[in-house]
1. Excluding same-chain residues fewer than 8 positions from LYS67, which aspartates and glutamates have a Cα within less than 13 Å of its Cα?
2. Under a cut-off of 14 Å between alpha-carbon atoms, report the aspartates and glutamates in cross-link reach of LYS223, not counting same-chain residues fewer than 8 places apart.
3. Of GLN248, HIS203, ILE59, which is farthest along the charge dipole of the chain in the positive direction, counting Lys and Arg as +1 and Asp and Glu as -1 at C-beta?
4. How much mean residue ellipticity at 222 nm does the chain get from its helices, if each DSSP H run of length 4 or more adds -39500 (n - 2.57) and you divide by all residues, to the nearest 500 deg cm²/dmol?
5. Using 0.36 nm per residue, how much length does the chain from ASN77 to THR207 gain when fully extended, once their Cα-Cα distance is taken away?
6. Is there a pair in LYS87/LYS308; LYS181/LYS287; LYS2/LYS85; LYS2/LYS62; LYS148/LYS181 whose C-alpha atoms are over 27 Å apart, and which pairs would that be?
7. Excluding MET1 itself, calculate the net charge of residues whose Cβ lies under 15 Å from the Cβ of MET1, where each Lys or Arg counts +1 and each Asp or Glu counts -1.
8. Note the angle between two axes, namely the Cα long axis of helix 99-115 and the longest principal axis of the Cα atoms of the chain, as a number of degrees from 0 to 90, rounded to the nearest 10.
Amino acid sequence: MKLVILDGHAVNPGDLSWAFFYNHADVTVYERTPSSLVVERIGDADAIFLNKINITKEILDKCPNLKYIGVLATGYNVVDIKAAKEKNIIVTNIPSYSTDSVAQHVFSFILHFTNHVASHALSVKNGEWISCPDFCYWNESLIELKGKTLGIFGYGNIGSKVAKIAEVFGMNVICCTRTQKDGMPKSVNFEELLKQSDFVSLHAPLTEQTQNIINKDSISLMKKSAYLINTARGGFVVEKDLADALNQEKIAGYAADVILEEPMDKNNPLRLAKNCIITPHIAWAPKETRQRLLGIAQNNFIAWINGKPENVVN
């Protein structure tokens, strides 16, 4: 059996091991694959793993030996699911592997806005405490989370984990979700979520209904003192509208781990927007999280080999 890993670098830049797969297949690993080489590199492989490589119907038509596509992520919109199903190609994904790390990243953003640790530490390095006449000082307003309202848009695994952490901080949690669950926080509609929240954290799937849901009109509903957090999908946001709102101080700040086009274009309007913090899609990237992902990928592969595929998305 031939297995090709098309873009392995993101999951495993060298600190993990592909050895498991070598025990079950003839494996070729590519760190990255440009679109022009996808068909050539798949060749006559029986199975492929990928992260962000687009697999279209045209590619599948040219790779008739392909029987399995393992997506090394939760989202699988990079694969033409309908075409794969028509060709009896099994497609699997990696669900629920990054819940803890993404929730942790959400609060790294929130605490950035409330405590400004980096800017105050830099001011100390620059000698401002040495020259200060008082025993303490702060260059930016500090915020206590207790009693503040966190609005969670989407209440799946990650949203519910974020809620639990928020409750430990003493925050008031509300949510907007299609699916009601026992024990969940107070549920409100999207407009009320935006109006009531001091912090809004996005955790819903990207669908036709949620695409561009953060736009000029929805931002206008938020408090001027509110912060928006996005560790889910760049497609939620009309980036020009949000950049304008930040630069005009219509909301207090935005923090994101995802943008519409990745890697970032130099002309992205959010890049230099006021009080905008963007990290390069790393919420899923702690070593422990990637090891968990790889373990699920291994289980998916063996389950498929044994004729009992798991985490099938088509």
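Taken together, the values in this text are just the output of simple stated rules run on the coordinates, not laboratory data. Keep in mind it's a predicted model, so treat the numbers as computed, not measured. Cβ sites come from the backbone with ideal geometry, for glycine too, and all protein chains shown count toward neighbours.
1. Of all the aspartates and glutamates, those that pass the test against LYS67 - Cα under 13 Å, at least 8 places apart if same chain - are ASP44, ASP46, GLU86.
2. Partners found: GLU191, GLU192, ASP198, GLU249.
3. The Cα lying farthest towards the positive end belongs to HIS203.
4. Mean residue ellipticity, 222 nm, calculated: -8500 deg cm²/dmol.
5. On the way: separation 130, 0.36 × 130 = 46.80 nm, distance 1.07 nm.
That pair, ASN77 and THR207, stretches by 45.7 nm at full extension.
6. Too far apart for the 27 Å limit: LYS181/LYS287.
7. That sum, taken over residues with Cβ under 15 Å, equals -1.
8. For 99-115 against the chain, the angle is about 20 degrees.
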